[in-house]
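Engineer: What follows is a structure written as structure tokens; I'll ask about it next.
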Amino acid sequence: MSKLDTIKSKVAEAEEFSRRIWLAGLGAYGKGFDEAQGRYEKLNAETSKLFEDLVNQGEKIEAEAKVKFKEKSNEVKEKFMEKANVSERVTEIRKKLGLEAVPADDRIDELSAKIDALTDIVVKLAEK
């Protein structure tokens, strides 16, 4: 083999080696791209699943909260009605006792005066 053939052979080997390095770089880029895209798709699917799980959990919590709110709302209404009924009864009794028309203190003073007058009459009758 001549020196020229040897040089041509070495150049061909270098070109082939350079080409192989270039192809390895392209392969690495392609593999990295494929892995990145696979990870993106997996992450995207996981994110969508996580989002759906969170929405489902939120719906459950919302439904439970609505039930509890309704229960508490009914309890408050019942207590309010009980207090309203008590208030109505107190007002009714005050009216029956005549304490509504005249201020209570005035009415009590009036009733006390009548009791004192009746007591005096009973004492006078008992003396006879």
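Laboratory data are not the source of any read-out in this text; all were calculated from the coordinates shown. Just so you know, these numbers come straight off a predicted model, no measurement behind them. In this analysis, Cβ positions are derived from the backbone assuming ideal geometry, glycine residues included, and neighbour counts consider all displayed protein chains.
Engineer: Quick one: helix 3-96 against the long Cα principal axis of the chain, what's the angle to the nearest 10°, folded into 0 to 90?
Structural biologist: 10 degrees
Engineer: Okay, helix-only estimate at 222 nm for the chain: each DSSP H run of n ≥ 4 adds -39500 (n - 2.57), divide by all residues, round to 500 deg cm²/dmol; what do you get?
Structural biologist: -35000 deg cm²/dmol
Engineer: GluC sites (Glu not before Pro) within region 1-102: which are DSSP loop residues with at most 14 other Cβ atoms inside 10 Å?
Structural biologist: Passing both the DSSP loop test and the Cβ count: Glu100.
Engineer: How high is the FRET efficiency from Leu118 to Ile93, r the C-beta distance, R0 22 Å, rounded to 0.05?
Structural biologist: Calculated transfer efficiency: 0.45.
Engineer: Now for a different question. Could you compute the net charge surrounding Ile121? Neighbours are other residues with a C-beta less than 13 Å from the C-beta of Ile121; K and R count +1, D and E count -1.
Structural biologist: 0
Engineer: Can you put Met81, Met1 in order, fewest other beta carbons within 10 Å first?
Structural biologist: Fewest-to-most Cβ neighbours within 10 Å comes out as Met1, Met81.
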